[in-house]
Amino acid sequence: MIRPLLVGVHPGQHPDIVQRAAGFAHALGTTVVCVWVDVGPVPDDGGGEQRLKAELDRALHGTGVAWTLVVAGDGDVARQLDEAAVSHDAAIVVVGAHRAGADGWRNEALGGSVAGRLSHLQHRPVVVLPVLPAPAEGEPDED
């Protein structure tokens, strides 16, 4: 079996990112390690982790890919994802192109994009996935 695929996740993230990462993992015959770096001003009391587990369970249900959730320490997202990729010996690291909202703005303002910084830290492939637009009303989902 190939080493796991690591994907950066966070509560409220569009499920498209983790679903496409699972598609890559399925094609490669490997598992997915979902890593959340809590960048909130107040450390998570467990509620965010439970919400994220439920979101991931819904998003990954039926993909046939085994997955786990790792909550990394707070701090620099790129550095935490880099450390997780090393500790899990990930074959590939997958991240979304942009984190919406205040957290995304803060990350950009304080040091550039996570994907850009991660690509300079890693010695393994980093795949950056744009979030696909939601289907227009009346259009069928591509499931």
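Among the residues of segment 46-64, just one is touching a residue at least 24 places away in the same chain (Cβ under 8 Å), within 24 Å of THR30 (Cβ to Cβ) and either touching a Gly at 6+ places or on another chain (Cβ under 6 Å) or basic (Lys, Arg) (or both), namely ARG58. Going through (1) at pLDDT 95 or above; (2) of a type outside the set (Phe, Trp, Tyr); (3) assigned to a helix (DSSP H, G or I); (4) crowded, with 17+ Cβ neighbours inside 10 Å one by one, ILE17 falls short only on (1).
Right, ALA66: farther than 19 Å from ARG124 by Cα, open to solvent by 20 Å² or more (accessible area, probe 1.4 Å), at pLDDT below 90 and of a type in the set (A, V, I, L, M) or not?
No.
Per this entry, GLY23 is counted among residues that are loosely packed, with under 15 Cβ neighbours inside 10 Å and among the small types (Gly, Ala, Ser).
The values are calculated or read from the model by the stated rules, or taken from the named source; none is laboratory data. These numbers come from a predicted model, not from an experiment. Glycine gets a Cβ as well: all are built from the backbone with ideal geometry, and neighbour counts include every protein chain shown. These area figures cover heavy atoms from the full protein model, side chains too; ligands, DNA and RNA do not enter into them. Shrake-Rupley method; radii C 1.70, N 1.55, O 1.52, S 1.80 Å.
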